[in-house]
Amino acid sequence: MHPAVCWWRRIAWRGACALPSGTFPDAIRPRSHQPSFPPNSTSTRCHSSFFAATDVQRFCGGHLSSVGDSKLLPSASLSRVGQLSGREFSSSNKAKHKMTASKYQIAERGAPNSTDYRVYFKNENGQSISPLHDIPLYANDERTVYNMVVEVPRWTNAKMEISLGEGLNPIKQDVKKGKLRFVANCFPHHGYIWNYGAFPQTWENPDHLDADTGCKGDNDPIDVLEIGSRIAKRGEVLQVKILGTIALIDEGETDWKIITINVNDPLADQVNDIGDVETVFPGLLRASVEWFKIYKIPDGKPENQFAFNGDAKDAAFATKTVAETHRFWQQLVNKEVDNNGISCLNTTVDGSPYLVANDAADEVFAKSATGGNPEPVSEALHKWHFGSENSYSKL
């Protein structure tokens, strides 16, 4: 059995386990993502809990990454991300795909953990681009592999997202009532439990009533959960394959969550559809539904709802959904519909009324804030929040 499978299963017994940090296999946590403990902490263990009422496997949380993860890359630096091994993987039809290294770079501007912080994207020539409009949705000619823009690395808390209203759509931290947003640690989870991000060149049209959910879109690119072994970096562009989807109804809006895996993950050839996820990552789907159901409760909001009673749909359904949101994006970037406040500035979409020259895009980047030291974050962000018994027993 692959060591990654053993690790997922090893942490899933009733009660609590305590594993020395050195026992995690390299396939799960690369050397660059060793645990980061709060100041003055003497803990050397990572604690994982199992909540008996839900009969769900849990994932090791603890302080695996500092809230906000300001150490991802130096501030105001230019760094190549999305590097892939270039090895081949087998899809469900046994076709071979060789993924080469990503050509995209990021440039961080402003002080991390501040309202000025931005992550801009550049192409292989160092020219400024939009991650929403200029990175292709499809990563291969067969349209079986997709580019995913990572906004939030697994086990971090800062609610980072592609900025829809700003030119070039940099990643920034969401702000509510003047304060930076962090997701709470809802017991037994720590931060986001997957690498979280979006598919470029997609858009959930807020004027379109979805026939399957009965709700309109949320005016965002479609969200992506990457469930592989490696913790990704903020701004990384991963090549992933689609496994299925969950239909979250977030405050009355359709908010699809596409479930994927990095095609270069050691377990990628074992998961090709939603049923394989439960086999290879038992408990992850149920935990994902729970996470989305309760994550807003600490903010005083009610539980989120789901279409299909929270059941995940298969890869074929998810692929069709993504293709539809890609068509909506094409209408958006070609000015066939109202932009709903979204900046469609781009450098690559032929025929788009929003197309600009590279020099104009570079000027937008040049006007952004310069670097700075990371701002401190509150220790209260490490707190665990416990939902009501009913919040869990209904799952």
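Annotation for region 232-252: at least one member residue is over 19 Å from the mean Cα position of the chain (by Cα), assigned to a loop (DSSP other than H, G, I, E, B) and more than 21 Å from residue 323 (Cα to Cα). Against the test of being farther than 21 Å from residue 139 by Cβ and within 19 Å of the chain's Cα centre (by Cα), the options 338, 311, 255, 299 yield a single qualifying residue, 255. If you take the residues of region 345-386 that are charged (D, E, K, R) and within 30 Å of residue 294 (Cβ to Cβ), which of them is surrounded by the most Cβ atoms within 10 Å (Cβ to Cβ)? Only one residue tops the list, namely 375.
Of note, residue 333 satisfies the criterion of being touching a His at 6+ places or on another chain (Cβ under 7 Å) and touching a residue at least 24 places away in the same chain (Cβ under 8 Å). Exactly one residue out of 250, 299 is under 21 Å from residue 149 (Cβ atoms) and modelled with pLDDT under 95: that is 250.
Among the residues of region 247-270, the ones that are without any contact (Cβ under 8 Å) to a residue 60 or more places away in the chain and closer than 22 Å to residue 209 by Cα come to 9 in all. If you check residue 358 against the conditions, is it of a type in the set (S, T, N, Q) and either on the phi < 0 side of the Ramachandran plot or over 24 Å from the mean Cα position of the chain (by Cα) (or both)? Considered against the rule, which asks whether it is of a type in the set (S, T, N, Q) and either on the phi < 0 side of the Ramachandran plot or over 24 Å from the mean Cα position of the chain (by Cα) (or both), residue 358 comes out as yes. When residue 301 is tested against (1) assigned to a helix (DSSP H, G or I); (2) under 23 Å from residue 204 (Cβ atoms), just one condition goes unmet, and that condition is (1). In region 276-305, the qualifying residues are those that are aliphatic (A, V, I, L, M) and more than 15 Å from residue 183 (Cβ to Cβ), and the one that is surrounded by the fewest Cβ atoms within 10 Å (Cβ to Cβ) is 280.
Residue under question is residue 125, and the condition is that it be without any contact (Cβ under 8 Å) to a residue 40 or more places away in the chain, over 20 Å from the mean Cα position of the chain (by Cα), part of a loop (DSSP other than H, G, I, E, B) and surrounded by fewer than 19 Cβ atoms within 10 Å (Cβ to Cβ); does it hold? Here the answer is yes, as residue 125 does meet what is asked. One residue stands out among those in region 153-198 that are over 19 Å from residue 249 (Cα atoms), aromatic (Phe, Trp, Tyr) and modelled with pLDDT of 95 or more: the one that is surrounded by the fewest Cβ atoms within 10 Å (Cβ to Cβ), which is 182.
The values are calculated or read from the model by the stated rules, or taken from the named source; none is laboratory data. Computed from a predicted structure; not experimentally measured. Note that each Cβ is placed from the backbone with ideal geometry, even for glycine, and that neighbours are counted across all protein chains shown.
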